[in-house]
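What follows is a single structure, written as structure tokens, with notes after it.
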Amino acid sequence: MKEIFGNLIGGAWRRSGDAIVNVNPSDTSDIVGRYAVAAEGDVREAVNVAQEAARAWFAAAPQVRAERLDAIGAEIVGRDGELARQLAREEGKTLREAHAEVTKSAQLFKFFSGEAVRMSGERVSSVRPGIDVDVERRPLGVVGLITPWNFPMSIPAWKAAPALAYGNAVILKPAELTNASAWSLADIANRHLPPGVFQLIMGDRRVGQSLVSNSALNGVSFTGSVLTGQAIAQTAHPAARLQLEMGGKNPLIVMEDADLMKAVDGAVKGAFYSTGQRCTASSRLIVHKSVRAHFVERLVARIQALRVGHALDETSDIGPLASEAQLARVQGYLEIGTREGARIACGGELIEAPTKGFFMRPALFVDTNSRQRINQEEIFGPVASIIEVADIDEAIAVANDTDFGLCAGLFTNSLSYVGKFRRQIAAGMAMINVPTVGTDYHVPFGGTRASSYGPRELGFAAREFYTTTVTFYTQT
Ligand code: NAD
């Protein structure tokens, strides 16, 4: 297969000499596709085209925007099987998880299709007599979307759908590892939108840099690592509005009165599904000392029963790591943890599978403490640690003892523990008797401290980022 999938500029596919080869992490002999690398000139042209396209798109009736977004959602639903397969092939999450991601992407377009007609302003009394004050919502204009590889379709969708609903034009720069899902999304969007309203430019960090530093960009919405988020904050044009969604080191507290089976199940789903490659993964399991031994015993049994295999094999619970670099990074943390004095209770071994891929057994560290690197730095793989605590106060103190603050969980049946947790936890999202992974599309998503910067994503919160206001004073 020699075809190169192009960048989408002004409604047309643009080929280029350079290409990124997209390899299946479950089977490195399987090439998913070859994707064009955007040149500097392509990026500049996309931004120029988007400025004009954004004006016309906002001038179109909200009903038009609603119908187009609904049609994008419908096409995604209609092609669920094909899109989920492609996603599982390029990212390595299982087919079941890929289906869920594609479904969510469609739901996002359907939800925000309704938001296009609900984009309301506000009428306020003036403090002066005889004057009317109206606050009207306007789109930002042209927004650059920079996305990571771990949710290659739903993160582009959760940024693009609200941006488009509120009348912006978007330029998507997806992660270089997972261009296929982004390309398919752009292809679908382009069929239902006027040219230039949704554009796609692919390539590595240099393409991202030239996009975010373009002075005509009105906003940048980024999801990825903390280091990249910091780099974008430095290079983005000062006039552009910024939204940065970054890493997590999410705690899951298990108290002595918790339903232990539910807590173990929550830990397995939260820490290891999607191969642990989720910003909301529960990588720190903070367990009350009186149930620690029981919890670990049951968790180890569940981990050992997990089937790790090819993402397209319907019997796999967990797929491979997304790339060789990811596998090496995660293996490096197993060494770091061991050197720090933690003990691996199970897992961590590389797996020989029928196809050559980046397979690793999920690993659990025990005998760890909160200050170790494995409990402070985002590993972003199928690795979790047990941290033993004596009571709820210590549990919450440990939960809050990192630079991050994305999502925190608690398993308990005690109302008073829930009360303390709700009052004291430092996180943007908190789960009680539910895993830390799995969020809804119609409510705010985001974190505190090093995890997030700028307005929240999703639901009604998305309006704060993708729109600005004009305040009209009228004397009649
Ligand atoms: P990454 O930061 O390496 O890359 C993300 C994107 O930024 C890619 O498209 C990349 O090409 C681009 N990029 C890199 N350097 C850039 C620069 N200087 N200027 C502009 N663009 C640049 O992240 P990743 O490895 O793709 O994804 C994993 C990370 O994403 C993890 O840290 C994870 O926690 C985070 N993540 C966060 C959330 C969230 O909502 N908080 C969700 C998913 C993933």
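Going residue by residue through the stretch 299-322, is there one that turns out to be farther than 30 Å from A462 by Cα and among the hydroxyl-bearing types (S, T, Y)? Within the stretch 299-322, one or more residues are farther than 30 Å from A462 by Cα and among the hydroxyl-bearing types (S, T, Y). Looking for something over 25 Å from Y35 (Cβ atoms), small (G, A, S) and more than 22 Å from the chain's Cα centre (by Cα) - is there at least one such residue anywhere in the stretch 160-167? Yes; the residues of the stretch 160-167 include at least one that is over 25 Å from Y35 (Cβ atoms), small (G, A, S) and more than 22 Å from the chain's Cα centre (by Cα). When the strands (runs of 3 or more DSSP E) confined to the stretch 1-54 are screened for residues that are in contact with a Cys (Cβ under 6 Å, 6 or more places away or on another chain), none reaches at least 2 such residues.
Exactly one residue among E115, E82, E91, E97 is free of Cβ contacts under 8 Å to residues at least 24 places away in the same chain and among the charged types (D, E, K, R), and that residue is E82. Looking only at residues of the stretch 214-239 that are aliphatic (A, V, I, L, M) and within 12 Å of the ligand (Cβ to nearest atom), we find that the one that is nearest to V296 (Cα to Cα) is V226. Of all residues in the stretch 406-431, those that are polar (S, T, N, Q) and either within 20 Å of F295 (Cα to Cα) or within 16 Å of the ligand (Cβ to nearest atom) (or both) total 3.
Please verify whether Y453 is touching a helix residue (DSSP H, G or I) at 6+ places or on another chain (Cβ under 9 Å), under 20 Å from E378 (Cα atoms) and not assigned by TED's automatic domain parsing to the domain that holds R278, treating the condition exactly as stated. Considered against the rule, which asks whether it is touching a helix residue (DSSP H, G or I) at 6+ places or on another chain (Cβ under 9 Å), under 20 Å from E378 (Cα atoms) and not assigned by TED's automatic domain parsing to the domain that holds R278, Y453 comes out as yes. Scan the stretch 166-179 and give yes if some residue there is surrounded by fewer than 24 Cβ atoms within 10 Å (Cβ to Cβ) and either more than 10 Å from the ligand (Cβ to nearest atom) or under 21 Å from G41 (Cβ atoms) (or both), otherwise no. Yes, the stretch 166-179 contains at least one residue that is surrounded by fewer than 24 Cβ atoms within 10 Å (Cβ to Cβ) and either more than 10 Å from the ligand (Cβ to nearest atom) or under 21 Å from G41 (Cβ atoms) (or both).
For A216, are the conditions met, namely being assigned by TED's automatic domain parsing to the domain that holds S416 and surrounded by fewer than 24 Cβ atoms within 10 Å (Cβ to Cβ)?
Taking the combined requirement at face value, the residue does not satisfy it.
Any residue at all in the stretch 251-262 that is under 17 Å from the mean Cα position of the chain (by Cα) and within 16 Å of the ligand (Cβ to nearest atom)? Checked against the condition, which is being under 17 Å from the mean Cα position of the chain (by Cα) and within 16 Å of the ligand (Cβ to nearest atom), the stretch 251-262 yields no hits at all. Only one of the numbered conditions (1) farther than 20 Å from G224 by Cβ; (2) touching a strand residue (DSSP E or B) at 6+ places or on another chain (Cβ under 8 Å) is not met by V117, and that is (2).
The values are calculated or read from the model by the stated rules, or taken from the named source; none is laboratory data. Keep in mind the model is a prediction, meaning the values are calculated, not measured. We place every Cβ from the backbone using ideal geometry, glycine too, and count neighbours over all the protein chains shown.
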